[in-house]
Amino acid sequence: MNIKNLIYLTLLSIVLVSCDSNERNIKKSFNRLNSGETSSASKYIWPEDHKNLYTFEQRFLSKNGLLSFDIETIEKLNDESYKVTLNCSNGNEELLTYFKTKGNFLSGTKIIDTIFVKKANGKEYVTFDWDLNEKSISDNIKLSSILVEKLNLRSGPGKKFNVISQLENGDELLIDDNYENSNWRKGFYFEENSSIKKVYFSSKLTDRKEISFFTLNWADSMGIIVISILGIIVLFVIYPLLFGALFRMGGEGAGVFAIILFVVLLVVVYFTYQIIETAFFELFIINLPY
C-alpha cells in the first residue's frame with residue numbers, strides 16, 4: 001500500500017466514524033474506565049469533573065479490577081443530554097448502594113444516568129452526575145509521579161511536619177495546581193477507607209504533568225487527523241532515516257553513535273505504538289493494551 005492510498009484510507013475511516021461524536025465520546029469514556037485507564041478517559045470528560053472522576057476511581061474502580069460498565073442503550077434527549085443505560089458487571093454492594101442512593105439504580109445490576117454535554121474552546125465534553133461532594137479537592141488538579149524509591153507524604157509543607165504515609169517510585173498523586181510553593185507540592189491522598197487527606201511532599205523528588213490522554217503529555221487538543229499525519233511521518237520519514245543512518249555509520253565513534261541511535265529507535269517505537277493505539281481507539285474504539 002503506497003502513501004497516497006494510506007492517506008485516502010485514513011480520511012475515509014474518519015468520515016465513516018464521524019457520526020454523533022458525543023455518543024462516541026460516552027462510549028470512549030466507559031471503554032477507557034473499564035480498562036483502568038482513568039487518565040485516558042479524562043480526555044473526554046469536563047475538566048471540572050476530573051476530581052470526581054478520580055475520587056470515583058479510588059473509591060470503587062481501583063478496588064475491583066473486574067468491575068465494568070457495559071453500555072446497553074444510549075438515547076439522545078437533545079443536543080446537550082443523553083440517557084444512558086448501563087449494566088454494572090461485578091459491582092460490589094457499596095457501589096450499588098451508591099447508585100441506589102443517587103436514584104440511578106434500575107434493577108439487578110442495571111443503572112441509568114443522564115449524561116450532559118458541555119462546550120469549551122470549541123471542544124465538546126461529557127459531564128457525569130456522579131457528584132461525590134469532594135470539596136476538599138481543588139478544581140484545578142494535575143498529576144504528580146514519584147521519582148524516588150520512597151517518598152514521605154507529610155501533613156504540612158516542611159520536614160518538621162509529621163509523615164502521614166509513603167509512596168513508591170512510579171506511584172501517582174493528584175495535586176492542587178493552584179498551590180504555590182517552590183519546594184513543596186500539595187496533593188490528595190486516598191486512604192484505605194476512601195477518605196481523602198491533604199498531604200505535602202517534595203517537588204524536587206516528583207514531577208508535574210497534565211492529566212493527559214497521551215502519556216507523552218501531548219496536548220489533549222491533538223485530533224485524529226494530526227495523529228494520523230504524525231504516524232505517516234514517523235513510518236515513512238523517521239524510520240527510513242534511522243535505519244539508513246544505522247547502515248551507513250562506521251569509523252571512529254561508531255559504537256557510541258550506534259547506542260544513541262538504538263535509544264532513539266526505542267523511543268520512536270514507543271511513540272509509534274502510542275500513535276497506533278490512539279488512532280485505533282479514536283477511529284474504531286478498539287482499546288489496545290498499553
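The numbers here are math on the coordinates, done by the rules we state, and not lab data. Just so it is clear, the model here is predicted, and its values are computed rather than measured. All Cβ positions, even for glycine, are placed from backbone atoms using ideal geometry, and neighbour counts span all protein chains on display.
Classify segment 58-154: rounded, prolate or oblate, from the alpha-carbon gyration tensor (a ≥ b ≥ c, eigenvalue square roots; a/c under 1.5 rounded; otherwise prolate if a/b is larger than b/c)? Oblate.
Couplings 3J(HN,Hα) of segment 152-168, computed from phi: 7, 9, 10, 7, x, x, x, 5, 6, 7, 5, 7, 7, 6, 10, 10, 10 Hz, in residue order, whole Hz [Karplus 6.51 cos²θ - 1.76 cosθ + 1.60, θ = phi - 60°; x for Gly and Pro].
Each residue of segment 275-283 is assigned a 3J(HN,Hα), and the resulting list reads 4, 4, 4, 5, 5, 4, 6, 5, 7 Hz, derived from the Karplus form 6.51 cos²θ - 1.76 cosθ + 1.60 (θ = phi - 60°), x at Gly and Pro.
Averaged across orientations, what area in nm² does the convex hull of the alpha carbons in segment 158-210 project? Don't skip to the end; give the middle numbers.
Numbers: hull surface 16.7 nm².
Quarter of the Cα hull surface area: 4.2 nm².
Whole-Hz Karplus values for segment 257-262 come out as 4, 5, 5, 4, 5, 5 Hz, taken residue by residue from phi with 6.51 cos²θ - 1.76 cosθ + 1.60 and θ = phi - 60°; glycine and proline positions read x. Highest-first packing order for the peptide set 195-203, 59-67 is 195-203, 59-67, based on the mean count of other beta carbon atoms within 10 Å. Close amide-amide hydrogen proximity is noted between F188 and L174, V199, each under 5 Å apart and 5 or more residues distant or on a separate chain (H modeled in the peptide plane; Pro and chain starts excluded).
Distant-in-sequence amide contacts of K63, defined by a placed amide H-H separation under 5 Å and a gap of 5 or more residues or a different chain, comprise nothing.
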